[in-house]
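Notes to accompany the following structure.
Since every read-out is calculated from the coordinates, none of them should be taken as a lab result. Note that the structure is predicted; figures quoted are calculated from it, not measured. Glycine gets a Cβ as well: all are built from the backbone with ideal geometry, and neighbour counts include every protein chain shown.
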Amino acid sequence: MEALIIKKTEDTPAVHLDKNEGVFEFSGKSLPEDVTSFYGPVFDWIAQYGEAPNTTTKVVFKMTYFNTASSKIILDILMKLEEIQEAGNEILIEWHYEEDDEDMQEAGEEYSEIVEVPFSFIED
């Protein structure tokens, strides 16, 4: 399965999805004009990955900001990862936030209460 790598821009995050590494990473700001067209390939890739996932997958979020539309799609991604875990595979979420960024910390905490996937919180 080919890796999906999207470079960050001023309005979109860097996305690095690589089955061979077993580590997925989202970093930066997410406020794309069209959230569906930006995240559509990401969601499709994860859905395809879910058909033959690694035994363990680490998913790293190093987001500095995301808008409301992005927050919904991030939840959709987390729910897809939850499905992969429910099929017997281990998913580990690493949620990074800046020391004084309570909003990003709370966003991660809210996600961790919604999906049944283990979260670790890392203050940078």
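Taking every alpha-carbon pair under 8 Å whose residues sit at least 6 apart, the chain reaches a relative contact order of 21 percent.
Share of Cα-Cα pairs in region 23-76 beyond 19 Å, in percent?
Values: 421 of 1431 pairs.
Summing the P(r) tail past 19 Å for region 23-76 gives 29 percent.
Ordering Ser120, Ser27, Ser70, Ser37 from the fewest to the most neighbouring beta carbons within 10 Å gives Ser37, Ser120, Ser27, Ser70. Amide hydrogen proximity for Glu90: with H placed 1.01 Å from N in the peptide plane, the residues at 5 or more positions away or on another chain lying under 5 Å are Thr56, Thr57. If you look at the Cα atoms of the chain, you get an Rg and a Dmax of 13.5, 39 Å.
Around the amide H of Thr12, modelled in the peptide plane, lie the amide H atoms of Leu31, all under 5 Å away and 5 or more residues distant in sequence or on another chain. Taking only Cα atoms and a 10 Å spring cutoff, compute GNM fluctuations for the chain and point out the largest among Pro41, Pro53, Pro13. Of the options given, Pro41 has the highest mean-square fluctuation. Using the Cβ-Cβ distance between Lys7 and Gln48 with R0 set to 25 Å, the FRET efficiency works out to roughly 0.75. For Met63, the residues whose modelled amide H falls within less than 5 Å of its own, excluding neighbours fewer than 5 places apart on the same chain, are Gly28, His96.
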